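The values are calculated or read from the model by the stated rules, or taken from the named source; none is laboratory data. Since the structure is predicted, the reported quantities are computational estimates derived from the model, not experimental observations. Quick reminder, even Gly has a Cβ in these numbers, built from the backbone with ideal geometry, and neighbours come from all protein chains shown.
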Amino acid sequence: MLKKFLFADLDDTLFQSRRKCPERGDLTPAAYLRDGSAHSFLTPAQHSLLALFQREMTVIPVTARNADAFSRVRLGFGDGGIINFGGVIIDAHGVPDAPWLARSAALAAGSLAMLEAALAAARTHAASLGVTLRARLIEDFGVPFYLSAKSAEGDEKALDALEPAVRAHCAECAYPVDIHRNGNNLAVLPDWLDKRHAVEHLISQLRARHGEILTLGMGDSLSDLGFMRACDYALIPRASQIAAALEDKT
């Protein structure tokens, strides 16, 4: 029988923050803040689905979370994962794949100036618009990966006002970037950083080790589509950015 692997995004795919959960008491904590308080939860349906996945196949998380944030996800993932939008591949003990990390570090050296300029521009435009912005470069293992920007109040309309200015700035820079927006999350990624690259790399390693395998990809955001296409089958939550985009096309 073929070995089966599920490459799964985490936030808003397998679980979500409390404010996005239905008003009910039977939620299961999934991820925690640094102070130890539960922040993200599974609904009973999500809990049942994850149990099914973990019983039938190897689940490999594929997330934008850095190592610290990923360590605070407590769902029994025992086979490592892909973090930092694909910039780092870690084993079951949280140790990064050294050649893959070295690859990311070399590529990141060329995109740092662009990210720093985008960060400064985002902050300047936010101030001019009166938007309280939480913007920072996401770094891990000493490597600067991407720019993350959110409205500090969770005001998506404020981010709506800021997004065109950030896109206009990035369109004028010489370095190619990918810009992803989903709810209150705006990310500016150098074009070398992509979950798909890491998933394709791992799939190649798994096939070399096990022969023919079955792969599934699961995500909610349009930025997940690349790695999902690298898999044999794709799964999406009903309430997701991908599902909404598909509905708009019908």
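Hey, could you check region 202-218 for residues that are over 15 Å from the mean Cα position of the chain (by Cα) and crowded, with 18+ Cβ neighbours inside 10 Å and say which is nearest to residue 13 (Cα to Cα)? Restricting to residues being over 15 Å from the mean Cα position of the chain (by Cα) and crowded, with 18+ Cβ neighbours inside 10 Å, the top hit is 216.
Taken together, 166, 131 contain a single residue that is modelled with pLDDT of 90 or more and crowded, with 19+ Cβ neighbours inside 10 Å, which is 166. Against the conditions (1) crowded, with 18+ Cβ neighbours inside 10 Å; (2) not β-branched (Val, Ile, Thr); (3) not assigned by TED's automatic domain parsing to the domain that holds residue 80, residue 241 satisfies every one except (3).
Just one of the listed residues (48, 104, 111) is without any contact (Cβ under 8 Å) to a residue 12 or more places away in the chain and of a type in the set (S, T, N, Q), namely 48.
Scoring residue 208 on the criteria (1) out of contact with any His (no Cβ under 6 Å at 6 or more places or on another chain); (2) small (Gly, Ala, Ser); (3) assigned to a strand (DSSP E or B) leaves a single failure, condition (3). Looking only at residues in region 55-76 that are assigned to a helix (DSSP H, G or I) and under 20 Å from the mean Cα position of the chain (by Cα), the one that is surrounded by the fewest Cβ atoms within 10 Å (Cβ to Cβ) is 68.
When the residues of region 135-162 are filtered to those that are over 19 Å from the mean Cα position of the chain (by Cα) and charged (D, E, K, R), the one that is surrounded by the fewest Cβ atoms within 10 Å (Cβ to Cβ) is 157.
Rundown of residues vs (1) outside the structural domain of residue 66 (by TED's automatic domain parsing); (2) hydrophobic (A, V, I, L, M, F, W, C); (3) without any contact (Cβ under 8 Å) to a residue 12 or more places away in the chain, yes/no style:
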| position | (1), (2), (3) |
| --- | --- |
| 199 | no, yes, no |
| 207 | no, no, yes |
| 211 | no, no, yes |
| 219 | no, no, no |
| 222 | no, yes, no |
| 226 | no, no, no |
| 234 | no, yes, no |
| 237 | no, no, no |
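Here is a yes/no grid of residues against (1) assigned to a strand (DSSP E or B); (2) touching a residue at least 24 places away in the same chain (Cβ under 8 Å):
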| residue | (1), (2) |
| --- | --- |
| 134 | yes, no |
| 147 | yes, yes |
| 171 | no, no |
| 180 | yes, yes |
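Applying the condition of being under 16 Å from the mean Cα position of the chain (by Cα) and among the small types (Gly, Ala, Ser) to region 172-201 and asking which residue is surrounded by the most Cβ atoms within 10 Å (Cβ to Cβ) yields 198. If the condition is being farther than 18 Å from residue 61 by Cβ and of a type outside the set (A, V, I, L, M), then region 230-250 contributes 232, 238, 241, 247, 248, 249, 250.
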